[in-house]
Amino acid sequence: MATVSEEAVLGALRKVIDPARRDNIVGLGMVSGLVIKGGNVAFAIEVDPARGKALEPLRQEAERAVQALPGVTSATVVLTAHRAGPASQPRAAHPHPQQAPAKAPAPGIRAIIAVASGKGGVGKSTTAANIALGLAAEGASVGLLDADVYGPSMPRMMGVRGKPATHDGKTLEPMRNYGVAIMSMGFLVDEETPMIWRGPMVMSAIQQMLRDVNWGELDVLVVDMPPGTGDAQLTLAQQVPLAGAIIVSTPQDIALLDARKGLNMFRKVDVPVLGIVENMSYFACPHCGQRSEIFAHGGARKEAERLGVEFLGEIPLDIAIRETSDGGQPIVVSQPQSPHAQSYRAIARRLLEKLAPAGARRAPPKIVVQ
Ligand code: ADP
């Protein structure tokens, strides 16, 4: 099989013309971050964020041009713009004007971050709960919105029961435990009640939990998203004013494919992906303490690198994580000195850094993909 050379890729891309600027994308200096690994080619096209969606055909054309080269098995092209500030900066006008009002930031909440996964059962909720607790342990005021209306698990994971109170008949008080404000559909409907949700209902339930709950002043609201990348998730990503998203993935390739879908979903709607967390990364044996890497460990790190997304950390498959989160005492609060709790804390610290206000840190160039 022919090997793919940089020259060949750039040669193909010289035939891709940016119609507005009437020159090829290589000549215009728009191609960056070219990575060739075997037959896999990935690179970014740097664009003016204002041109956003209009350049999607150009992206596709570039992808097709590279894909057509002999030896290329996959071509991944992303549109990027270097943004000076952090995720919480004001965004460029949203391409869908009718959605603009819904994007207005929730009052009192400085940053809303989504915890998402390409599919169910990867430990998204466990990760969301422990990250929320990690953020609180780092001194942030934190809320946790369980948007996983299909299977709300936060009441159980966060060890909270009962019904939220209302003082004015209009807004609900969030439930609280371990210093975190929590709202979940699980508080509002009986656990036994089967819930059948269609897309629009999911969105209105989530909007209500966002707007009609007295969250107060929060540094961060962590949203545990419904698993998957269907319409409900896309609408949520579009309409909730997210400062960023975290993708939780297991190392199995199949899950990584799903994770990529999640990544693309957020990129499509201009939500910065803050990073990937690899969950069930390796197996920590409770008897001998040894690590066994039953699923090709490290896949998510490699994938993150390839896609230009930060790798936020890896959490092993450990019975202690399951027992504590299923028992309502997530490991960050019940075993704060354990290495796993420390890993969640490190992820939380990194997130706070990434969400820090402009000027509070030296912002690395931010990749924004539209
Ligand atoms: P999701 O939200 O992706 O559906 P959950 O967070 O509900 O997944 O996790 C599914 C199950 O896996 C739960 O029983 C949870 O306790 C367990 N689990 C999640 N992460 C880990 C881990 N790192 N080690 C051991 N068990 C885990």
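Brief remarks on what is shown
- Residue pairs, from the table K163/K354; K302/K354; K119/K163; K170/K261; K170/K268, whose Cα atoms sit over 31 Å apart: K163/K354; K170/K261; K170/K268
- At the residue level, L172 shows approximately 50 square angstrom of accessible surface with a 1.4 angstrom probe and all protein chains present.
- Solvent-accessible area of K119, all protein chains in place: 80 Å² (probe radius 1.4 Å, heavy atoms, ligands and nucleic acids excluded).
- Close amide H pairs (under 5 Å, H built 1.01 Å from N) link L34 with A44, residues at least 5 positions away or on another chain.
- Computed from the C-beta positions of D23 and Q342 and an R0 of 56 Å, the FRET efficiency is 0.65 to the nearest 0.05.
- Here the extension length gained between K53 and L34 equals 4.7 nm, from 0.36 nm per residue of separation less the Cα-Cα distance.
- Rolled with a 1.4 Å probe across the full set of protein chains, the surface gives K163 an accessible area near 130 Å².
- Under the Karplus curve 6.51 cos²θ - 1.76 cosθ + 1.60, θ = phi - 60°, whole-Hz ³J(HN,Hα) for region 155-171, x wherever Gly or Pro sits: x, 5, 5, 8, x, 10, 10, x, 10, x, 8, 10, 9, 10, x, 10, 10
- Note on D231 and H167: the model spin-label points, each 7 Å out from Cα along the C-beta direction, lie 4.0 nm apart.
- Close amide H pairs (under 5 Å, H built 1.01 Å from N) link V273 with A245, residues at least 5 positions away or on another chain.
- For region 114-131, backbone phi angles converted through the Karplus equation (6.51, -1.76, 1.60; θ = phi - 60°) give residue-by-residue couplings of 9, 10, 10, 8, x, 8, x, x, 8, x, 4, 5, 4, 5, 4, 5, 5, 5 Hz, Gly and Pro being listed as x.
- The residues F311, F266, sorted by heavy-atom accessible surface at 1.4 Å with ligands and nucleic acids left out, run F311, F266 from largest to smallest.
The values are calculated or read from the model by the stated rules, or taken from the named source; none is laboratory data. Keep in mind that this is a model prediction, so the values were computed, not measured. FYI the Cβ positions are ideal-geometry reconstructions off the backbone, even for glycines, and counts take in every protein chain you see. Just the protein is used for accessible areas: all its heavy atoms, side chains included, with ligands, DNA and RNA removed. Shrake-Rupley method; radii C 1.70, N 1.55, O 1.52, S 1.80 Å.
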